[in-house]
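The values are calculated or read from the model by the stated rules, or taken from the named source; none is laboratory data. In this text, all values refer to a predicted model and were calculated from it rather than measured experimentally. Don't worry about glycine lacking a Cβ; one is built from the backbone with ideal geometry, like all the others, and counts go over all protein chains shown. Ligands, DNA and RNA are stripped out before the accessible areas are found, and what is left, the full protein with its side chains, is counted by its heavy atoms. Shrake-Rupley method; radii C 1.70, N 1.55, O 1.52, S 1.80 Å.
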Amino acid sequence: MNPWECRREFRRIPVSHDHTVRFRLGGKVLERVPIANLSAGGCFAILVREHFTNFREGTILVDFTLEHSDLPSTPITAKVVRVVKGLTEITENDIGLGILFLSTSAKFTEWVDSYVATYNTLTGKTRAS
């Protein structure tokens, strides 16, 4: 088992292509960045390699926002905790970022955790939808 897997506190689910995030890094805003999975503690984002030089483990992402109508749109601070190169099963020009949510409120965490608990990975909808 990888050491970073031991730190997962929340249930993590794969999500559909309509789950994206936006954030600011330096003076650049990245929007509609797809995520492959989600938990109340973080997510895994997929980026094109051209942005790779800006991302290293420990990179702080400001104004990080979940872009999905069923999720909170409150901007938070997040941190890159894992960089995965060579995701050739997606495309050879992509990298993956393991992202940890840092500045969340209890309400934000509860909302995302509830969404994760009710999300159906087959239909891409929650039980409440």
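On the basis of being modelled with pLDDT of 90 or more and either of a type in the set (A, V, I, L, M) or closer than 26 Å to TYR119 by Cβ (or both), does PHE10 make the cut? When the stated conditions are applied, PHE10 does not pass them.
Checking each residue in the stretch 89-129 for being out of contact with any Leu (no Cβ under 8 Å at 6 or more places or on another chain), of a type in the set (Gly, Ala, Ser), modelled with pLDDT of 80 or more and surrounded by 11 or more Cβ atoms within 10 Å (Cβ to Cβ) picks out GLY98, SER103, SER105, SER114, ALA117. Of all residues assigned to the stretch 34-44, at least one qualifies as being part of a strand (DSSP E or B), hydroxyl-bearing (Ser, Thr, Tyr) and either at pLDDT 85 or above or open to solvent by less than 70 Å² (accessible area, probe 1.4 Å) (or both). Taking the stretch 58-88 as the range and being more than 20 Å from LYS28 (Cα to Cα), among the basic types (Lys, Arg) and either modelled with pLDDT of 90 or more or not in a loop (DSSP other than H, G, I, E, B) (or both) as the test, only ARG82 passes.
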